[in-house]
Amino acid sequence: MQSIPVISAASILAKVSRDKFMYELDKEYPEYAFAKHKGYGTKLHRDLLLKYGPCKEHRKSFKPIQKLINNHNSL
């Protein structure tokens, strides 16, 4: 049970770090609204991906991004 506070703290630190990174990405790519959805697969995020396509920061190994790229390339 002693590891629970450590795991909780690590989770909080990871979220804070990711959120900070998303705010920085938002400055570089404002059209993707990273500060708003923080990289989660929200409707807004999906809609913006459909509109603009993935940027260099999107994980190309993530299946939904691969599918988007493949669909875009087949047009």
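Figures for the structure shown
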read-out	value
Longest DSSP-loop-exposure-free segment, trypsin sites (Lys or Arg not before Pro), the chain, at most 14 other Cβ within 10 Å	1-55
Computed lengthening from D47 to K20, 0.36 nm per intervening residue step minus Cα-Cα distance	7.5 nm
Nearby lysines by direct alpha-carbon distance to K67 (threshold 16 angstrom, same-chain neighbours under 8 apart not counted)	K51, K56
More than 11 Å apart - percent of Cα-Cα pairs taken over the stretch 24-63	64
Kirkwood-type radius of the stretch 3-73, with distances r between different C-alpha atoms, in Å	13.3
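We did not get these values from a lab; they are worked out from the coordinates using the rules stated. Note that the structure is a prediction, hence the values are computed from the model and not measured. A quick note on method: Cβ atoms are made from the backbone with ideal geometry, for glycine too, and the neighbour counts reach across all protein chains shown.
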